[in-house]
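The values are calculated or read from the model by the stated rules, or taken from the named source; none is laboratory data. Everything quoted here is computed from the prediction, not taken from an experiment. Quick reminder, even Gly has a Cβ in these numbers, built from the backbone with ideal geometry, and neighbours come from all protein chains shown. These area figures cover heavy atoms from the full protein model, side chains too; ligands, DNA and RNA do not enter into them. Shrake-Rupley method; radii C 1.70, N 1.55, O 1.52, S 1.80 Å.
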Amino acid sequence: MQQIPVYAFTGFLDSGKTKFIQETLEDPRFNAGERTLLLVFEEGEEEYDFSTYPHQNVYLETLDQQTVTTKDLLALAKKYRAQRVVAELNGMQLVGDLYTRFPDGWVVAQEVMFADASTFMAYNANMRNLVMDKLVGAQMVVFNRLEKGADTMPFHKLARAANRRIDILYDYTDGTTAFDDVTDPLPFDINAPVIQISDPDFALWYRDVTEEPGKYEGKTVRFKAQVAMLRRNRENMFAPGRFVMTCCVEDIQFCGVPCRYAGAKDLTPRAWVQVTAKISAEKHPLYHGELGPVLTALEVSKDASPADPEVATF
C-alpha cells in the first residue's frame, strides 16, 4: 500500500496556520510539483493565493472536521491522485479524533501547532483539554505575536509539561525568531544505582521511559504503583502503574509498564505495591511492534500505602 505523508497544522482560529501554510507552499523547496491535497477544516479571514505557488498541483478542499469520513478522504485522495496531504485543522476539535478516521496508508509526517501568544493563556485557562490535545502530539509549537523581551517561561513550562520533546519557537513582532534553548533536568537521577521515583514524579518518569526506553536499558528503578493484570502471561507478569491525568479529569487513563514477576498471580488488582525492578527495552504487545520498557521485578512489596497524590500529573 502506498503511503501518503500528512503535514498537519493545528492551533486556534487566527493563530497563523494559514499564513504559514501559504508561505510553505510558495517555497520551491517544499513545493517541487508534488500533487498536494490541501485540506482546510477551519476557515479564517485569510485565504490561500494559488497564483504565487511555483507549481499548481495543489488541490484545495474545505471539509467539516466533525463529520468527514474515511471514505470521504479516500475519495479525495483518489480524485486528485494525491502524493501528500497538507491539513489545516480546526482548533475547536480534537486532533486524535480526526486521525482515527485517516485512511490506511496516511502517515502523519509532521504536526506543528501555532499559538497566538496574546490569547494562548486564556485558551489554556478556559479550554485546557483542547490546548493539551494539540501540544501532546506536536513536534513543534510556534508562539507568535510575542513582544520582544516578553517572559517566555510560562509558554515553555506549559508546552514541556504536555510534551517533553516538543521544539518551541518564539516568533516576535519585530520579525525575529528564536528557538527555546532551556534545558529541563529530570527530577530524578537516572544514573543512581537505584532510580528513586517519588510519587509526584511518576508521570514524568513514565513518559520519559516510554519515549526513550533505550536510555534506561539495564538500570534499576523503584516506584510505588497499583497492580494491573495483563490479558496474556497472567501467571508471571503484571503491569504496575498509575492513573495519569494530562490536563483534566476527562483524560485520566491508566499507564502501566509490563513487569515479569513469578508471584504475579498472587497479586490483587488495584492494590498498591512498591516495585524494584530492572529495566530493558523490548518489544511487547502493549507497544504494537515498537520497543518499549519491560521490567523484571527484583522485589515487590505488597500492602504499600497509596501514592500521594494517587492520580499522577505532569
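The table that follows gives values for the structure above.
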{"quantity": "The chain, accessible surface, carbon-and-sulfur percent (1.4 angstrom probe)", "calculated": "50"}
{"quantity": "Gyration tensor (alpha-carbon) shape descriptor, the stretch 183-314, a/c threshold 1.5", "calculated": "rounded"}
{"quantity": "Reachable aspartates and glutamates from Lys265, criterion Cα separation under 14 angstrom, eight or more residues apart if same chain", "calculated": "Glu235"}
{"quantity": "Between the stretch 160-221 and the stretch 84-100, the Cα center-to-center distance that results, in Å", "calculated": "26"}
{"quantity": "Cα shape, the stretch 2-67, gyration tensor, a/c 1.5 rule", "calculated": "oblate"}
{"quantity": "Over the stretch 92-217, relative contact order from alpha-carbon pairs under 8 Å, at least 6 apart, %", "calculated": "18"}
{"quantity": "Highest-first arrangement of 127-136, 205-214, where packing means the average Cβ count within 10 Å", "calculated": "127-136, 205-214"}
{"quantity": "Solvent-accessible area per residue, Å², over the chain with all protein chains present [probe radius 1.4 Å]", "calculated": "50"}
{"quantity": "Antiparallel content of DSSP bridges confined to the chain, in %, to 5", "calculated": "40"}
{"quantity": "Tensor-based shape of the stretch 3-136 (alpha-carbon gyration tensor, a/c under 1.5 rounded, otherwise prolate or oblate)", "calculated": "oblate"}
{"quantity": "Normalised contact order of the chain, rounded percent, pairs of Cα under 8 Å and 6 or more residues apart", "calculated": "14"}
